[in-house]
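Colleague: Provided herewith is a single structure, encoded as structure tokens, for subsequent inquiry.
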Amino acid sequence: MFLFDETHSSSFSEFLASRDPDRLRPVPHVSAPLPAFPHGTTVLAIRFQDGVLMAGDRQGTEGFQVSGRRIEKVFKTDAHSAVAIAGAAGPAIELARLFQVELEHYEKLEGDVLSCEGKANKLGQMVRGNLPMAFQGLVVIPLFAGYDLTRREGRIFKYDVTGGRYEETEYYATGSGGKDARDTMKALYRRGLSETQALRIALEALYNAAEDDVGTGGPDLVRGIYPTMKLMTGDGLRDVEESRIAAECRTLIDARRERA
Amino acid sequence: MALPYYVSPEQMMADKAEYARKGIAKGRSIVAMEYADGLLLVADNPSASLHKISEMYDRIAFAGAGKYNEFEMLRKAGIRHADLKGYTYSREDVAAKSLANAYSQTIGSIFSADPKPLEVELLVVEVGQGEKPNELYRISFDGSIIDERGVAVIGGKAEALLTFLKSRWTSAALSLRDALQLSVDALETVTSQKLGPDALEVAVLDRARPGRTFRRLTPGDARGLLNPP
């Protein structure tokens, strides 16, 4: 019936599991290799003086084919946090969606938002829940970034397949081009970056990842497709306007052309 | 052998209704009102942490009067229902009508089957998107559901409040300030006491906001609206 009073928890995924266990059950084990399916590639987060910036390229890759050019990999999860996904696109997008409902559900039931730390831990538990699927090759690795309202600073958390949660104090990137993006950020990062500086470093990192990693897509000037970016500060989360990203991309490409 | 007392169904229902009505009348009132940019909810509630008004979904709010533990249980069930539906289908498929129906069914069956009826009265309101009109549903302790227009009132001295408001609320073109002032006037008149912003719980569903439209007004916000500098 309508009154589900068997559950007293404020967690939506626990409620969903008790109501409808099949919904969250991993796909049945098959011994044959899975056919090719889309993967998300490079996402990153970088801290700056007012908070944290999160960005992702737009390409989905399926084996040696491009499966999508306009994929969105950075998802707003509440007013002060976002999740970026890399790995098996289907389960990753589903995880981000469930996590978003999870945070909103808690906020509405409790009348309070979860702490930044609390959100990061919850996401770790959800990643661990995906472990049986990871054994079958459906690996989901999110990156979590949020503005911590008590500490008044941006925070970045990375995860491993077992749900292990590690905080990064400066920047991080994950996905197939993650290493290339991290190398770029390592060279350019310093403390107390301004918003514009952080945005430029993020674009530079994604551009280098796209150059060296076949799975990552660079800015597509012909179709007008650019990386997406979200900024989280004390005022909340906002998207960086596409026109601003496009202008910064053109500046970056012009600078590269002069160098070549 | 002692026979159990016979009580006629009419008598049993009348007793239950009287019991529930008494319980609800002891509490304080809540007003919901359409204004130019959405829906306003005002509760006479001295507690800053135990809420009577709550966000339910993107464009839907909930208010409960009567016994706190009972409407709190219903509020949580409603949020679970809404989030489950929105997650299964899509956010736009969550509607106040379906929630109000679920409440009506649940409260109605408890009223007729359980020895103790729920001492609650609920409001489920939805702010329309674009040209869609707002919806205000009032659900009584016996599960009856009333589709209100413009103004809806629950709890405490609901009838006196509604009479007061019906004579003064003219159209949904009221500004937020005027709507809040009218609600406060109504609550002060029927309770015959002064209600400062600290004794009020105020929230709006703001028609123009994208996504989640629910917003609480702090006592400071309410003070600013009621006593402009």
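Colleague: Select from the range B:147-193 the residues that are touching a strand residue (DSSP E or B) at 6+ places or on another chain (Cβ under 9 Å), of a type in the set (S, T, N, Q), surrounded by fewer than 22 Cβ atoms within 10 Å (Cβ to Cβ) and in a helix (DSSP H, G or I) and list them in ascending order.
Modeller: B:Thr191
Colleague: Of the residues that sit in the range A:89-103 and are more than 12 Å from chain B (Cβ to nearest Cβ) and under 12 Å from the mean Cα position of the chain (by Cα), which one is farthest from A:Gly56 (Cα to Cα)?
Modeller: A:Leu95
Colleague: Please work out if A:Gly192 is at positive phi and not in a helix (DSSP H, G or I).
Modeller: So A:Gly192 passes the test.
Colleague: Looking at the range B:141-164, I want the residues that are of a type in the set (S, T, N, Q) and have a partner that is crowded, with 20+ Cβ neighbours inside 10 Å with Cβ atoms under 6 Å, at least 6 apart or on another chain. Which pairs are those?
Modeller: none
Colleague: Do we have any residue at all in the range B:70-86 that's within 17 Å of A:Leu3 (Cα to Cα) and aromatic (Phe, Trp, Tyr)?
Modeller: Among the residues of the range B:70-86, at least one is within 17 Å of A:Leu3 (Cα to Cα) and aromatic (Phe, Trp, Tyr), which makes the answer yes.
Colleague: Name the pairs whose Cβ atoms lie under 6 Å apart, with the first residue in the range B:1-22 and within 20 Å of B:Leu118 (Cβ to Cβ), the second surrounded by 10 or more Cβ atoms within 10 Å (Cβ to Cβ), and 6 or more positions between them or separate chains?
Modeller: Filtered contacts from the range B:1-22: B:Lys16/B:Pro117; B:Ala20/B:Pro117; B:Ala20/B:Glu119; B:Ala20/B:Phe141.
Colleague: Something else about it: Quick check on the range B:136-153. Is at least one of its residues at pLDDT 95 or above and among the aromatic types (Phe, Trp, Tyr)?
Modeller: yes
Colleague: Now for a different question. Identify the residue in the range A:59-88 that is within 22 Å of A:Gly137 (Cα to Cα) and either of a type in the set (Phe, Trp, Tyr) or outside any strand (DSSP E or B) (or both) and, among all such residues, is nearest to the other protein chains (Cβ to nearest Cβ).
Modeller: Applying the filter and picking the extreme gives A:Glu72.
The values are calculated or read from the model by the stated rules, or taken from the named source; none is laboratory data. Computed from a predicted structure; not experimentally measured. Neighbour counts are summed over all protein chains in view; Cβ atoms, including those assigned to glycine, are modelled from backbone coordinates with ideal geometry.
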